[in-house]
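Read the structure below first, then the notes.
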Amino acid sequence: MSTIEERVAAVEARLDTLTDLRALVIALREDMNRRFDAVDRRFEAVDRRFEQVDRRFELLLGQMNERFIGVDGRFAVMDQRFAQFLEREDRHFRWLVGIQMSVATMMIATLLTLAVR
């Protein structure tokens, strides 16, 4: 059987091992906290980059909307010009058909007067 001194020495050795283990755990915790802080800083940097990209896209979308508004205005002008052209074409077509009908009526009337005599 072991003596009390041997038992105390064994308990002290275990306590020293636990103290060393505790110190290692504390060091590990500090190292992990440092690394997580570094990761947090990197994520913050990535967030800032995404914000910059978002701002750029917002500017580009604004510019594109302005351009589309300008293009829409141009199309409105072209639509108006086409409407004027079609209106003029309709008027000319009506005149042409009217003239042709008048000529046809005159020819029929002439043929009828010649046939009646």
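Any residue in the stretch 40-58 that is at pLDDT 95 or above and either in contact with a helix residue (DSSP H, G or I) (Cβ under 9 Å, 6 or more places away or on another chain) or of a type in the set (S, T, N, Q) (or both)? Yes: one or more hits. Here is the figure for the stretch 58-117: residues that are over 29 Å from the mean Cα position of the chain (by Cα) and among the aromatic types (Phe, Trp, Tyr) total 4.
The values are calculated or read from the model by the stated rules, or taken from the named source; none is laboratory data. Because the structure is predicted, anything quoted here is derived from the model rather than measured. Neighbour counts are summed over all protein chains in view; Cβ atoms, including those assigned to glycine, are modelled from backbone coordinates with ideal geometry.
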